[in-house]
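A.B. asks: One structure, as structure tokens, below. Some questions next.
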Amino acid sequence: MRKGARVRLVLDTNVVLSGLIWRSHPRRLLDLAKEEAVSLYTSSALLDELADVLSREKWTAMLATRRTDAAYLMQRYGVLAKVVRPKRIGRVVPNDPDDDAVIACALAARADLIVSGDKHLLGLGGQYQGIRIVAPTEAVELIGR
């Protein structure tokens with residue numbers, strides 16, 4: 001991690017979703033962004049994926065019980081994350097090409113960490129081109145140091 005600078009994070013969609021809905025390590029990462037202790041980055045592809053997931057019946061019904069909706073959660077996350085414009089990259093994640101969007105975003109953001117619960121991203125050996133790939137629990141621990 002860079003000394004004296006805010007840690008730059010790209011959160012995979014599963015982490016953003018967890019952080020927006022439940023109290024957990026992903027929520028702590030969103031809270032750190034609110035406190036301006038970290039910088040979050042996303043892309044239009046990742047925002048589209050989040051909107052798609054939040055619009056699925058499973059989530060709309062659950063959100064309705066919590067008196068919220070996808071539009072509100074998207075707006076809330078949009079305030080926290082800066083949007084970058086990634087360049088096209090070749091195939092990085094062999095078994096899940098959708099995860100290449102996370103890698104591309106992290107490269108464009110010059111991220112320190114990619115935070116994911118996805119086995120395909122975590123299976124890349126813990127890093128890609130110097131960007132560490134960690135689970136939410138590890139991210140919170142690293143940032144806390």
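Just so you know, all these numbers are worked out from the coordinates, no wet-lab data involved. In this text, all values refer to a predicted model and were calculated from it rather than measured experimentally. Note that we place each Cβ from the backbone using ideal geometry, even for glycine, and neighbour counts take in every protein chain shown.
A.B. asks: Between Pro94, Pro26, Pro86, find the one with the highest GNM mean-square fluctuation for the chain; connect C-alpha pairs within less than 10 Å.
C.D. replies: Pro94
A.B. asks: Still on this structure, please answer the following. Once the Cα atoms of the chain are picked out, what are the Rg and Dmax in Å?
C.D. replies: 14.5, 44
A.B. asks: Further, regarding this structure: Order these by the 10 Å Cβ neighbour count, fewest first: Thr13, Thr137. Let's see the in-between values first.
C.D. replies: Numbers: Thr13 25, Thr137 14.
Listed from fewest to most nearby Cβ atoms, that is Thr137, Thr13.
A.B. asks: Just in the stretch 28-103: which trypsin sites (Lys or Arg not before Pro) are loop by DSSP and have at most 11 other Cβ atoms within 10 Å?
C.D. replies: Numbers: sites: Arg28, Lys34, Arg56, Lys58, Arg66, Arg67, Arg76, Lys82, Lys87, Arg88, Arg91; in loops: Arg56, Arg66, Arg67, Lys87, Arg88, Arg91.
Answer in residue order: Arg56, Arg66, Arg67, Lys87, Arg88, Arg91.
A.B. asks: Can you count the Lys pairs in the stretch 7-144 with C-alpha separation below 27 Å, eight or more apart or on different chains? Can you show the working numbers first?
C.D. replies: Working: Lys34/Lys82; Lys58/Lys119; Lys82/Lys119; Lys87/Lys119.
Lysine pair count for the stretch 7-144: 4.
A.B. asks: Mind sorting Met74, Met62 by how few other Cβ atoms lie within 10 Å of their own Cβ, fewest first?
C.D. replies: Numbers: Met74 16, Met62 12.
The fewest-first ordering by Cβ neighbours comes to Met62, Met74.
A.B. asks: Which ordering of Glu138, Glu35 is given by a fewest-first count of other beta-carbon atoms within 10 Å? Each step should come with its number before you reach the end.
C.D. replies: Details: Glu138 16, Glu35 8.
Fewest-to-most Cβ neighbours within 10 Å comes out as Glu35, Glu138.
A.B. asks: Percent antiparallel among DSSP beta bridges with both residues in the stretch 7-144, to the nearest 5?
C.D. replies: On the way: 2 of 15 bridges.
Taking every DSSP beta bridge within the stretch 7-144, about 15 percent pair in antiparallel fashion.
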